[in-house]
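For reference, the structure discussed in these notes is given below.
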Amino acid sequence: MDATINPISEKILVQARKSIAGGANSSMRVLKYHLPTVIQKAEGVYIWDADGHKLIDMNMGYGPLIFGHRSPIIINAIENELKLRGTTLGFPHELSHQAAELIKKSFPSINKLRFSSTGTESVQTAIRLARQFTGRKHIVLFEGHYHGSSDSVFHAYHAPVDEIERRNYIPLPGTKGMGGAPYNAYVLPWNDAELLQSFLYNHSEEIAAVIMEPVMGNAGTIPPVPGFLEAARKLTTEIGALLVFDEIITGFRVARGGAQERYGVQSDITLLSKAMNGGVPTAAIGAREEVADLIAHREVFHGGVYSGNPMCIAATLAAQQEYEKNHTEIYTGLENASTNLALGIRKIFYDLEIPVSVQHVGAMLNFWFLTDYDEDGGFKNYREVYRGTNHDTFVKFQHILQQNGVYVHPNHYEPWFISTAHNEAVIGDVLDRIQVSAKTLKKKIQVPAQP
Ligand SMILES: Cc1ncc(COP(=O)(O)O)c(C=O)c1O
C-alpha cells in the first residue's frame, strides 16, 4: 500500500490493524497493491474517502449496488421495516414468499427457494442438495470461477496456470487450513464443450453436479462461447447430474432473468445474491421442486439465524418490485451504459496505441492490458487471460485512475459494475478520467511493440 497518497486512510488502517485482522473485514479490500482507501460517505455513484477525495465508484460493493449507493428504493424499504418488525425475528413472515414469487417470475427454472445470508452458504447447500439428489459425490468446477469460500468448492481459482496444468484437474485448495479440501471435486478449463463431454462421459457414474458462473465474472467478464451452456445442459441431463448456475453476479445484472434469460439455458439449481437484493446480505438457493423438496422434507439441512431476516428481505422485495415495475428501462439503460463505456475505453487505448482487450456482458465489464500486440483478446477462459494480460500494468493504471477520481478494483479479474445511477453524464465523466489516466500511464510503461 502506498501510504503517501492517502495518508489519513493509512493512519486509520494502522489503527484498525490493532483490533481487526489485516485492518478490514475482507482480504479483498486490503490487498498489498491497494491504495489505502477508507470510505466516509457514499451516495449514488459517488464515494468520499477519508482524505477528502470524491470518487466515482465502478466497483459498487462488488456488484450488489445496482441502484447505486444509498438508493431510496432500498433505504426506504429498510426504514419502513425497522418500524414494523425490526432487524431480525426468528419467525416466518410474509415478505419472504412475496419476494420469492417475483424472483421465480424472473427465473422460470426455480420452483422453490430458500433465502440465506451469503453466497458461500447458499453454494454449500446447493452442493449438498446435488449430492443427496443424485446419490453421487463428485462435483465439476471450472478454472477462474469462484463460488465462495466453503470447503466444498473453494479452490485456488487464480492459481498460476503451470501449476494448474500439473494438477491434472484436481483442485488446489483456495487457502491454507482446508485440510486437503475441496474433496471429491475436479476443476476443468471453462468454455470447452468437447473436453466437458469427454470428461463427463469418463466419469458419468460419479458426478453429482457441474457448477459454473454462466457468464464468468471472477476472471474478468467472459461470456459463454455459443453452444457451451447448451452442451453443459445436455451432458449433465444425459449422465444424470445436476447443472448448477451460480448467478450470484449475473442474476438481475446481465438480464432480469440472469444468464438463463440472456442465453436461453436453464439450470437445475440457481444461486442468487448481489443484484437480487440491491445491497443487503441476502442470497438464495433456488431449484426445481423435487430438488428443493429435499430441504422441505428435512433430508438436507438448511438454517441460519439471520436467514431471511425481515430487514434484508424487505430490501430484497423492494428491489424485486423495482425490477417488476421498470425492467425495460433498467436493462436498456444498463446495456447502453455498458456499451458506451466499452466503446469509449477501446477508442482511448487504440488512439494511444496501448493494446487492451475490453469484454462486457450487460452491466459487467472488464478490460485487460495485453502482453502482446498480436494477442487478440477475445478471451474464452482463465488460462487465456492469465497468459495474455499484464496485471502489473493494470495496477499501475488503477492507481493513476483512482488519483483522477474513479475507483475500480485494482485486481484486473474483478468486473467493473455499472448501476442505474451511472447515467450518460457519469459514463462520459468516467471516460474523460480514463483518457487523462491513460495518457499518464503511457509515459510510465513500456508499450508492447507493434507487429
Ligand atoms: C459468483 C460468486 N459466487 C459466490 C460468491 C460468494 O458470495 P459471498 O461472498 O456472499 O459468500 C461470490 C462473491 O463474490 C461470487 O462472485
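The values are calculated or read from the model by the stated rules, or taken from the named source; none is laboratory data. None of these values were measured; they are calculated from a predicted model. Quick reminder, even Gly has a Cβ in these numbers, built from the backbone with ideal geometry, and neighbours come from all protein chains shown.
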Report summary line: For residue 384, the lone unmet condition from (1) touching a residue at least 40 places away in the same chain (Cβ under 8 Å); (2) part of a helix (DSSP H, G or I); (3) in contact with a Gly (Cβ under 9 Å, 6 or more places away or on another chain) is (1)
Report task. Name the one entry in 44, 90 that is surrounded by 13 or more Cβ atoms within 10 Å (Cβ to Cβ), of a type outside the set (Val, Ile, Thr) and at positive phi. Result -> 44
Report task. Restricting attention to the stretch 246-298, report how many residues are outside any loop (DSSP other than H, G, I, E, B), more than 13 Å from the chain's Cα centre (by Cα) and hydrophobic (A, V, I, L, M, F, W, C). Result -> 10
Query raised in the report: List the pairs whose first member sits in the stretch 180-191 and is within 14 Å of residue 153 (Cβ to Cβ) and in the same structural domain as residue 147 (by TED's automatic domain parsing), whose second member is among the acidic types (Asp, Glu) and surrounded by fewer than 21 Cβ atoms within 10 Å (Cβ to Cβ), and whose Cβ atoms are under 7 Å apart, counting only residues at least 6 apart or on separate chains?
Result: 181/151; 182/151
Requested in this report: Any chance you could count how many residues in the stretch 85-100 are assigned to a helix (DSSP H, G or I) and farther than 22 Å from residue 297 by Cβ?
Outcome: 3
**Report entry** Out of 44, 63, 23, sole residue that is within 24 Å of residue 423 (Cβ to Cβ), modelled with pLDDT of 95 or more, touching a helix residue (DSSP H, G or I) at 6+ places or on another chain (Cβ under 6 Å) and in the same structural domain as residue 331 (by TED's automatic domain parsing)
**Finding:** 63
Query - Yes/no for residue 110 being part of a loop (DSSP other than H, G, I, E, B), assigned by TED's automatic domain parsing to the domain that holds residue 253, under 26 Å from residue 247 (Cβ atoms) and away from the ligand (no atom under 16 Å from the Cβ) - result: yes
Query raised in the report: Got at least one residue in the stretch 117-136 being over 16 Å from the mean Cα position of the chain (by Cα), assigned to a strand (DSSP E or B), in the same structural domain as residue 186 (by TED's automatic domain parsing) and away from the ligand (no atom under 11 Å from the Cβ)?
Result: no
Report summary line: Per the filter on the stretch 47-69, residues away from the ligand (no atom under 16 Å from the Cβ), surrounded by fewer than 18 Cβ atoms within 10 Å (Cβ to Cβ), of a type in the set (Phe, Trp, Tyr) and touching a residue at least 12 places away in the same chain (Cβ under 8 Å) are none
Query raised in the report: In the stretch 144-188, how many are in a strand (DSSP E or B) and either more than 16 Å from the ligand (Cβ to nearest atom) or within 17 Å of residue 120 (Cα to Cα) (or both)?
Result: 5
Query raised in the report: How many residues does the stretch 246-267 hold that are touching a Lys or Arg at 6+ places or on another chain (Cβ under 8 Å) and surrounded by fewer than 24 Cβ atoms within 10 Å (Cβ to Cβ)?
Result: 3
Report summary line: Cβ pairs under 8 Å, 6+ apart or interchain, first in the stretch 70-86 and of a type outside the set (S, T, N, Q), second part of a loop (DSSP other than H, G, I, E, B), ordered by first then second residue, are 73/67; 73/278; 74/67; 74/278; 74/279; 74/280; 78/280; 85/93
Requested in this report: Pairs only if they're at least six apart or on different chains, beta carbon under 9 angstrom, first in the stretch 119-145 and farther than 9 Å from residue 209 by Cα, second at pLDDT below 95 and not aliphatic (A, V, I, L, M); list them, first residue then second.
Outcome: none
Query - Residue among 248, 239 that alone is touching a helix residue (DSSP H, G or I) at 6+ places or on another chain (Cβ under 6 Å) and in contact (Cβ under 8 Å) with a residue 60 or more places away in the chain - result: 248
Query raised in the report: So which of 38, 123, 30 ends up being under 28 Å from residue 324 (Cα atoms) and among the β-branched types (Val, Ile, Thr)?
Result: 123
Requested in this report: Being buried (at least 18 other Cβ atoms within 10 Å of the Cβ) and out of contact with any strand residue (DSSP E or B) (no Cβ under 9 Å at 6 or more places or on another chain) is the filter here, so list the residues in the stretch 405-430 that pass it.
Outcome: 410, 420, 427
